[in-house]
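Colleague: Below: one structure in structure tokens.
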């Protein structure tokens, strides 16, 4: 017998300009993420499955549902509007710069002497903080005597759960060589016999070896909510890569002010290659670290 | 030339945010001053909002004065960008500015006309080709090219022998014009050190058999001196755009085959594309392997651009379908795309085998031919191929595939199931015991069961299965009417009332209203409130008004209640909505305005006139909606303000009415 459902019920109407403006306003306010007019269809496509699941005919109905039941639906909304494109060993030159060119300065001014506190904001399913952890372990000679801790948070609680699980498919490992995969991961036994589906979806899963999971703490959090940055000492470096590119102007401003609060003076902020905060804050100065750009919080 | 006072320094981000917030409450003159300030901020987001607001606020005279302001680049650029944003409304003024004495203003006018792409601009732009300022001529040449009228080719040819800037502009414009007539003069420039590369690109953009022969011959003569990546890329582009296989070109295939071993992937890929587009040959396997290595390149076909698409170089290669289907990874997807294009050239057995044999599609078995593909990538290609297939086994194969798919995949497969409805029904009957009863019923309903048969099928299901079937068959209205909703709601209200409400709203079952009303009075839920509104139930207005009147902390249904009141309308609902618009908390008030806009009569106009400068854009949008509906002289002033609204949706709605 075969179960499951086929969503043959009519698809929701197309998203009108008014509905797009309303939903984008709400998403921007809550999560900072912006879906401008040219991304209306993208937003429509992301929300459509949820409207179908709730059997709502119009996007306005979904907006009203969000207004009525903000907290309950918020988790789903966060899952649908976040972009979880990430993989291990992405743009590693920033990690190398942190653990090489910037290391002495960072250690000298560390918030907790003998420690290095790092944060991955918008970490999705954990590929970035785990890669950072792998690089830190590989730099053990340079880091001798320094205790490294990495905190990581993401808006999407389901992604945080995946990060804690630390099990990945080929997609997440696409930038790794077979040797790197073998060194850092263990192939998990297949839970099901091969089938058409498992074959075409790449069913094989790899677990990150336990040694590379230690020292990394995950929690759900929102860049726009400062409580997500925790109550501990200030961070020595914050990574927030390829997240701000989706933010609307006010949210961008708020996010940068949160990074400034979360970092100790002299602490470093690393953004994605296409992102910049120049002109947005006078609390950061741009510096060049080998072949990468970073933003250093002013003051010592 | 005019000058103005030295511009004040750029406003801070905070000042800009404050200005943007205040903008809708300012007079039109006040808005213009604010927009001038906003335009000085370096943030692209703020600048874009300033420009959009400016498009509705500035007069032509103000904008023209900005264009003349050579002491303030920000304002000059503001004028140019706002004229562009206004689209067709800037056409006439731009024509007038072409005759301006200031060459910088003429240049701006040409740039605006270039942006507008209005064919009526051709003659005026041709007139500018004799302008004394070469910058103006260069911009006019490019603008003429983008208008795409081949009649202007003779005007551009003289510039091929002019100074390098005008020469390059005319080469580009001739490429834009896409007329084979331009190939001959461009060919003469191919060996020019400065313009040769641009001329080759222009010829490639023109395309066609002549362009192919010219570029192929150029390649054969100078392949050792030319940038292989660039020229082969252009040659591939031309070959892929031909309507049929090209006539043989002596030596070309051999020259290209030798490039399949080039160390550069780009060169190898371009050579592979050329070879595959040339037609069948002994190079096919190597060329396919190279193409797979590069991941396709510039694909066509597929649905909505999701998943690997068919590389254009394969578009006419129906002969490759069997070979592609045998290969794992992306080549298999290309095989399905080709099978959809040429259904008679595809062996059904090969298609079924490609879908059914998991081992040969395993990502790790992909080897050197390319990475694995996932289901989302395979299905968009496989479904059109299966839809067009004619074979006795197709029903059984489709049903088997359907049963293996996720809900999203099943939804995507629906067109193929419908296309082979009769065959799938036969397979459904044969495989009845292997299929879940809900799935069987839903599929049967989609494939032609009568409404009575669908209703009987639902009634025969266990209660838990019934719900799943109903949610998927709610659009079979006739069947929904035949179900005993009243008794179900009476027996299991917690389980069935919301479902009854959803079905009633979707299928328009007004006969269920007494049941829904009674349930909503005892236990209101979002589904019940929504259904009463959707069914426009006047009798439920008192009930909804009572729901609105609850203490803070229990008002979570209020947004839905307001919306339903708006849908129902009538004096009582309008009165309650107007009161909520005036006095409810901000979040509810904006929804009350919107709901009232749905059912407003002319008597409600004063409320909306007062709110035309409301700080909330959503309220102003409701105002624009209502005030455009009732054409009264006293609505004109607030509509003019709304037409200059910084939120384009509001401005457009008001402008449409004023223009009408």
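What follows is calculated from the coordinates using simple rules that are stated; it is not laboratory data. Note that the structure is predicted; figures quoted are calculated from it, not measured. Note that we place each Cβ from the backbone using ideal geometry, even for glycine, and neighbour counts take in every protein chain shown.
Colleague: Can you give the average number of partner chain beta-carbon atoms within 10 Å of each beta-carbon in peptide B:595-602, as a whole number?
Modeller: Neighbouring Cβ atoms belonging to other protein chains average 0 per residue here.
Colleague: Obtain the nm distance between the two label points defined at residue A:278 and residue B:146 by a simple spin-label model: each point lies 7 Å from its Cα along the Cα-to-C-beta direction.
Modeller: 2.6 nm
Colleague: A further question on this structure: Counting each DSSP H run of 4 or more residues in the protein assembly as shown as -39500 (n - 2.57), what helix-only mean residue ellipticity at 222 nm follows after dividing by all residues, to the nearest 500 deg cm²/dmol?
Modeller: My calculation for the protein assembly as shown gives -17000 deg cm²/dmol from helical runs alone.
Colleague: Taking 41 Å as R0, compute the FRET efficiency from the Cβ-Cβ separation of residue A:115 and residue A:58 and round it to 0.05.
Modeller: With a Förster radius of 41 Å, E is 0.20.
Colleague: What share of the DSSP beta bridges in chain A is antiparallel, in percent to the nearest 5?
Modeller: Around 40 percent antiparallel, to the nearest 5.
Colleague: From the gyration tensor of the Cα coordinates in chain B, what semi-axes in whole Å does the equivalent ellipsoid have, largest first, with each one equal to sqrt(5λ)?
Modeller: 54, 48, 18
Colleague: Calculate how steeply helix A:59-68 sits against the longest principal axis of the alpha-carbon atoms of chain A, using the helix alpha-carbon long axis, and give the answer as 0 to 90 degrees to the nearest 10.
Modeller: For A:59-68 against chain A, the angle is about 60 degrees.
Colleague: Under a plain spin-label model, where a point goes 7 Å from the Cα along Cα-to-Cβ, how far apart in nm are residue B:194 and residue B:28?
Modeller: Distance between label points: 5.0 nm.
Colleague: Now for a separate question. Which distance in Å, rounded to a whole number, links the C-alpha centroids of the stretch B:216-255 and the stretch B:29-74?
Modeller: Between the Cα centres of the stretch B:216-255 and the stretch B:29-74 lies a distance of 50 Å.
Colleague: How high is the relative contact order of the stretch A:17-81, in percent, counting Cα pairs under 8 Å that sit 6 or more residues apart?
Modeller: Dividing the mean separation by the residue count of the stretch A:17-81 yields 34 percent.
Colleague: I would also like to ask the following. For the pair residue B:426 and residue A:37, what calculated FRET efficiency results from E = 1/(1 + (r/R0)^6), where r is the Cβ-Cβ distance and R0 = 60 Å, to the nearest 0.05?
Modeller: The value I calculate is 0.80.
Colleague: Then there's this: May I ask what percent, to the nearest 5, of DSSP beta bridges between residues of the protein assembly as shown are antiparallel?
Modeller: 40 percent
Colleague: Turning to a different aspect of this structure: Please build a GNM for chain A, connecting alpha carbons under 10 Å apart, and tell me which residue among A:88, A:140, A:35 fluctuates the most.
Modeller: For chain A, modelled as a Gaussian network with Cα springs under 10 Å, the answer is A:140.
Colleague: Give me the distance between the Cα centres of the stretch A:27-65 and the stretch A:66-99, rounded to whole Å.
Modeller: Here the answer is 17 Å between Cα centres.
Colleague: To continue, here is another question. Using packing as a proxy for protection, rank B:130-136, B:169-175, B:513-519 so that the peptide with the highest average count of other Cβ atoms within 10 Å comes first.
Modeller: B:169-175, B:513-519, B:130-136
Colleague: Do you know the relative contact order of the stretch B:137-176, to the nearest whole percent, from alpha carbon pairs under 8 angstrom that are 6+ apart?
Modeller: That works out to 54 percent.
Colleague: On a 0 to 90 degree scale, rounded to 10, what angle separates helix A:40-54 from the longest Cα axis of chain A?
Modeller: 60 degrees
Colleague: Once a ≥ b ≥ c are taken as the square roots of the eigenvalues of the Cα gyration tensor of the stretch B:246-297, is the result rounded (a/c under 1.5), prolate (a/b larger than b/c) or oblate (a/b not larger than b/c)?
Modeller: Verdict is prolate for the stretch B:246-297.
Colleague: Which value in nm describes the separation of the simple spin-label points at residue A:291 and residue B:15, placed 7 Å from the Cα toward the beta carbon?
Modeller: Once both label points are built, they end up 4.2 nm from each other.
Colleague: Please find the FRET efficiency linking residue B:637 to residue B:254, where r is the Cβ-Cβ separation and R0 is fixed at 51 Å, and quote it to the nearest 0.05.
Modeller: Plugging the Cβ-Cβ distance into 1/(1 + (r/R0)^6) gives 0.05.
Colleague: Can you sort B:181, B:647, B:82 by how many other beta carbons sit within 10 Å, fewest first?
Modeller: B:181, B:647, B:82
Colleague: Give me the angle, in degrees from 0 to 90, between the Cα long axis of helix A:17-31 and the longest principal axis of the Cα atoms of chain A, rounded to the nearest 10.
Modeller: Once rounded, one gets 30 degrees.
Colleague: Which of rounded, prolate or oblate describes chain A when judged by the alpha-carbon gyration tensor and an a/c cut-off of 1.5?
Modeller: oblate
Colleague: Sorted by packing (mean other beta-carbon atoms within 10 Å per residue), highest first, where do B:260-266, A:123-129 land?
Modeller: Order by mean packing, descending: A:123-129, B:260-266.
Colleague: Can you put B:187, A:286, A:131 in order of Cβ neighbours within 10 angstrom, beginning with the fewest?
Modeller: Least to most surrounded, the residues fall as A:286, B:187, A:131.
Colleague: How would you rank B:619, B:333, going from fewest to most other Cβ atoms within 10 Å of each one's own Cβ?
Modeller: Ascending Cβ contact count within 10 Å gives the list B:619, B:333.
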